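The values are calculated or read from the model by the stated rules, or taken from the named source; none is laboratory data. Remember, predicted model here, so these are calculated numbers, not experimental data. Reconstructed Cβ throughout: ideal geometry from the backbone, glycine too, with neighbour counts over all protein chains shown.
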Amino acid sequence: MKGIIYILLGACSYGVLSTFVKLAYHDGFIVNDVVGIQMLLGALLLWGFLLVSRLGKKNSAAPKYAAASHKQIILLIGLGSTTGLTGMFYYLALQYISASLAIVLLFQFTWMGVLAEAIINRRLPGAGKLLSLIPLLIGTLSATNLFATGLGGIHWLGFLYGLLAAVSYTIFILLSGRVAVQVNPVLKTALMVSGGCMICMIVLPPAFLSDARLFVELALRYGLALAVLGPFLSTLMFSKGAPLTGSGMASILGAAELPTAVLMSAVVLHEQVGMPHYLGMLLILLGIVFPEIWKRISIRRHTLSSKSHNQ
């Protein structure tokens, strides 16, 4: 139960980010400063948390993790650049399209991940994953209202940035579980967020680096909230919850980010979210849940057939 709460808290905290970003844009802040302050303060919070936790556990029976090698540190910082790119593309998309549409485009990482795994493994996905593509794709068409408006009704730059965010997030998901798996998850996250911060500072240099007043104002109004809800809280909750729930259940629970973002955009931002959008959202959630349900049904069938065969 504790693992479920961790994952849901992490997913919901990440789901509200787009609302804060939209509010920051409305108040005149630009994407360079918004994404920059989030990644910078997020990295500082994670390193501070890591330092405090290590000092507090010096004399306690803390879990033993493998020390990160120089190669692993470089790999984690490099991998973190994908998190920075995801944030940049996602927040750039929010300049042109609604928050409810941007989150749907980000969630295209679901079918992109299936496709990427098939290419890497040179093997077709299982039946459950293949069948899940049907509600995922139909749900996307419905949620983006492409059936009614076509691509002409969506700003092309927002659409492009949203899909690029999904691509970079897909790369992060594929690689994060293969790099430095024995390293302390908090250290791993701190290194990755630091890498993301570096890429953000290079590609979208923020104005607050040379304006202390802007830095303080942005940090107090939106920066701390974005940093806590994004790089700090959501990543920590996922790192704590995923080992307790298993990756399959974690991916299902993590999908709570989608309805959270859509509901926040409707309630707080007063965006028009119609029935096609809600229907599409439900279909996307079904596509995410379906492979795990299929897997459990297959295991149950195999267990029952084994028992009947033994009898």
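For segment 77-104, which residues satisfy the criterion of being of a type in the set (A, V, I, L, M) and surrounded by 23 or more Cβ atoms within 10 Å (Cβ to Cβ)?
Our first condition is that a residue be of a type in the set (A, V, I, L, M); within segment 77-104, this holds for 77, 79, 85, 88, 92-94, 97, 99, 101-104.
Within segment 77-104, 88, 93, 94, 99, 101, 102, 103, 104 meet the criteria.
One line per residue, one yes/no per condition, for (1) out of contact with any strand residue (DSSP E or B) (no Cβ under 7 Å at 6 or more places or on another chain); (2) crowded, with 23+ Cβ neighbours inside 10 Å; (3) modelled with pLDDT of 85 or more:
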{"position": "224", "(1), (2), (3)": "yes, no, yes"}
{"position": "227", "(1), (2), (3)": "yes, yes, yes"}
{"position": "230", "(1), (2), (3)": "yes, yes, yes"}
{"position": "234", "(1), (2), (3)": "yes, yes, no"}
{"position": "244", "(1), (2), (3)": "yes, no, no"}
{"position": "252", "(1), (2), (3)": "yes, no, no"}
{"position": "256", "(1), (2), (3)": "yes, no, no"}
{"position": "259", "(1), (2), (3)": "yes, no, yes"}
{"position": "265", "(1), (2), (3)": "yes, yes, yes"}
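Give me the pairs, please: first residue somewhere in segment 115-143 and farther than 11 Å from residue 288 by Cα, second residue anywhere and modelled with pLDDT under 85 and aromatic (Phe, Trp, Tyr), beta-carbon distance under 7 Å, and either six or more positions apart or on two chains.
Every condition considered, the pairs that remain are 127/294; 137/111; 141/147.
Looking at 125, 135, can you tell me which residue is of a type outside the set (S, T, N, Q) and outside any loop (DSSP other than H, G, I, E, B)?
On the way: 125 fails: outside any loop (DSSP other than H, G, I, E, B).
After ruling out the rest, the residue left standing is 135.
Before we move on, is residue 29 out of contact with any strand residue (DSSP E or B) (no Cβ under 7 Å at 6 or more places or on another chain), buried (at least 21 other Cβ atoms within 10 Å of the Cβ), at pLDDT 90 or above and not in a helix (DSSP H, G or I)?
On the way: out of contact with any strand residue (DSSP E or B) (no Cβ under 7 Å at 6 or more places or on another chain): yes; buried (at least 21 other Cβ atoms within 10 Å of the Cβ): yes; at pLDDT 90 or above: yes; not in a helix (DSSP H, G or I): yes.
Yes, satisfied.
Looking at segment 105-146, which of its residues are over 16 Å from residue 173 (Cα atoms) and among the β-branched types (Val, Ile, Thr)?
Within segment 105-146, 134, 138, 140, 144 qualify.
So if I check each of 143, 166, 190, 148, which one is surrounded by 21 or more Cβ atoms within 10 Å (Cβ to Cβ) and either modelled with pLDDT under 90 or of a type in the set (D, E, K, R) (or both)? Reasoning before the result, please.
On the way: 166 fails: either modelled with pLDDT under 90 or of a type in the set (D, E, K, R) (or both); 190 fails: either modelled with pLDDT under 90 or of a type in the set (D, E, K, R) (or both); 148 fails: surrounded by 21 or more Cβ atoms within 10 Å (Cβ to Cβ).
Only one candidate qualifies: 143.
Residue by residue, here is whether (1) in contact with a Ser or Thr (Cβ under 9 Å, 6 or more places away or on another chain); (2) charged (D, E, K, R); (3) in a helix (DSSP H, G or I) holds:
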residue: 163; (1), (2), (3): no, no, yes
residue: 175; (1), (2), (3): yes, no, yes
residue: 181; (1), (2), (3): no, no, no
residue: 189; (1), (2), (3): yes, no, yes
residue: 201; (1), (2), (3): no, no, yes
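Residues 213, 301: which one is modelled with pLDDT of 85 or more, in a helix (DSSP H, G or I) and either surrounded by fewer than 18 Cβ atoms within 10 Å (Cβ to Cβ) or not hydrophobic (A, V, I, L, M, F, W, C) (or both)? Step through it out loud before you land on a result.
Details: 301 fails: modelled with pLDDT of 85 or more.
That would be 213, the only listed residue that is modelled with pLDDT of 85 or more, in a helix (DSSP H, G or I) and either surrounded by fewer than 18 Cβ atoms within 10 Å (Cβ to Cβ) or not hydrophobic (A, V, I, L, M, F, W, C) (or both).
Of (1) surrounded by fewer than 20 Cβ atoms within 10 Å (Cβ to Cβ); (2) within 19 Å of the chain's Cα centre (by Cα); (3) more than 17 Å from residue 192 (Cα to Cα), residue 130 satisfies all except one. Which?
Answer for residue 130: the failing condition is (2).
Which is in a helix (DSSP H, G or I) and modelled with pLDDT of 85 or more, of 104, 114? First the steps, then the outcome.
Details: 114 fails: modelled with pLDDT of 85 or more.
Just a single option satisfies the conditions, and that option is 104.
Go through segment 105-114 and give me each residue that's touching a residue at least 40 places away in the same chain (Cβ under 8 Å) and either of a type in the set (A, V, I, L, M) or surrounded by fewer than 18 Cβ atoms within 10 Å (Cβ to Cβ) (or both).
Selection gives 105, 106, 112.
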